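The values are calculated or read from the model by the stated rules, or taken from the named source; none is laboratory data. Predicted, not measured: the structure shown is a model, and the values here were computed from it. Positions of Cβ are generated from backbone atoms using ideal geometry, with glycine treated the same way; all protein chains shown enter the neighbour counts. Quick note on the areas: whole protein, heavy atoms, side chains included, nothing else; ligands and nucleic acids left out. Shrake-Rupley method; radii C 1.70, N 1.55, O 1.52, S 1.80 Å.
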Amino acid sequence: MEKQGKDYIVFPLDFSSVQQAYDYVRLLEGNVGMFKIGLELFINQGPSVVEMVKKESSAKIFLDLKLHDISATVFRAMQRVADLGVDLVTVHCSSSQAMLEKAVQGGQGKTDVLGVTLLTDNDATAVAAAGLKDEFVDDPNALVMHRAQMAFDAGCTGIVCSGQEVKQVKQQFGKEFLAVTPGIRPAWALLENDDQKRVTTPGQAVSFGSDLIVIGRPIRDADDPARAAQKVIDEIEAAL
Ligand code: C5P
């Protein structure tokens with residue numbers, strides 16, 4: 001079936017309780033393509049939350065675990081992730097290509113791996129403090145592209161990147177390599193003192209080539225979240 005506007009939307013279940021997560025799954029079912037389960041909810045609720053989302057929704061599941069460990073451990077952890085039947089999982093690119101390869105192998109083609117290149121709260125100062133090369137301190141975007149190359153070479157399905165990086169990622173790695181973009185703010189939902197600094201609108205992100213947009217608070221905090229999701233769908237469809 002052809003990809004529809006809703007299939008671009010990833011809604012993060014950024015809650016600690018399964019009840020809140022359940023309420024939003026019920027509210028948004030049919031309006032989003034994927035639910036993202038992050039560390040807070042997974043640590044608090046464990047695999048049962050994955051079961052809940054599967055039972056209540058036909059959307060795909062993105063487990064945002066941001067794995068980073070020795071290759072053998074990541075391989076075994078990924079086998080368990082694949083057993084859970086989730087569609088996507090995140091793994092840091094800041095270790096080795098071997099670790100990324102093992103993550104992909106552990107996913108057994110059941111769970112796809114997305115590389116996390118550089119966390120958005122890591123600026124040039126953080127890159128320098130981590131002891132990385134001067135060329136990356138001078139241009140953290142070069143580090144993003146370097147790590148994207150590692151993810152690509154390891155057989156990852158794609159990476160997480162900002163809307164501003166999508167064009168370059170698509171140019172370099174082709175349209176099959178997924179670009180998943182957080183930091184999405186529709187023009188009608190600009191937040192005061194937002195912690196997301198480099199934001200793009202849903203329409204901009206998909207027109208730059210984003211395959212999936214992660215959009216939380218503009219939908220979660222709207223008076224009518226399902227209606228807000230529908231507005232995002234309309235904006236995506238207009239931009240496609
Ligand atoms: O749209 P909102 O800012 O509420 O989305 C927050 C979600 O996006 C969180 O689940 C967070 O983990 C995720 N995220 C992010 N920035 C990144 C990567 C992921 O905010 N660079």
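Taking the conditions exactly as written (over 15 Å from LEU114 (Cα atoms), without any contact (Cβ under 8 Å) to a residue 60 or more places away in the chain, touching an Asp or Glu at 6+ places or on another chain (Cβ under 6 Å) and of a type outside the set (S, T, N, Q)), does VAL18 satisfy them or not? Here the answer is no, as VAL18 does not meet what is asked.
ASP234 satisfies every condition listed in (1) over 17 Å from the mean Cα position of the chain (by Cα); (2) in contact (Cβ under 8 Å) with a residue 12 or more places away in the chain; (3) within 16 Å of the ligand (Cβ to nearest atom) except (3).
Just a yes or no: is a residue in the range 136-158 part of a loop (DSSP other than H, G, I, E, B), modelled with pLDDT of 95 or more and under 28 Å from GLY30 (Cβ atoms)? Yes. Among the residues of the range 82-91, the one identified as without any contact (Cβ under 8 Å) to a residue 40 or more places away in the chain and either closer than 8 Å to ALA103 by Cα or open to solvent by 60 Å² or more (accessible area, probe 1.4 Å) (or both) is ASP83.
Identify the residue in the range 49-81 that is open to solvent by less than 60 Å² (accessible area, probe 1.4 Å) and assigned to a strand (DSSP E or B) and, among all such residues, is nearest to VAL91 (Cα to Cα). Per the criteria, the residue is LEU67. ALA148 satisfies every condition listed in (1) within 13 Å of the ligand (Cβ to nearest atom); (2) under 15 Å from the mean Cα position of the chain (by Cα) except (1).
Of GLY155, GLY183, GLY163, all but one fail to be on the phi > 0 side of the Ramachandran plot and crowded, with 18+ Cβ neighbours inside 10 Å; the exception is GLY183.
Could you count how many residues in the range 77-101 are closer than 29 Å to SER58 by Cα and out of contact with any Pro (no Cβ under 7 Å at 6 or more places or on another chain)? The total comes to 16.
So for the range 163-177 (the condition being within 12 Å of the ligand (Cβ to nearest atom), β-branched (Val, Ile, Thr) and under 17 Å from the mean Cα position of the chain (by Cα)), does at least one residue qualify? No, because not a single residue in the range 163-177 is within 12 Å of the ligand (Cβ to nearest atom), β-branched (Val, Ile, Thr) and under 17 Å from the mean Cα position of the chain (by Cα).
For the range 2-48, taking the residues that are open to solvent by 70 Å² or more (accessible area, probe 1.4 Å), within 15 Å of the ligand (Cβ to nearest atom) and in a helix (DSSP H, G or I), the one that is nearest to ALA238 (Cα to Cα) is identified as GLN20.
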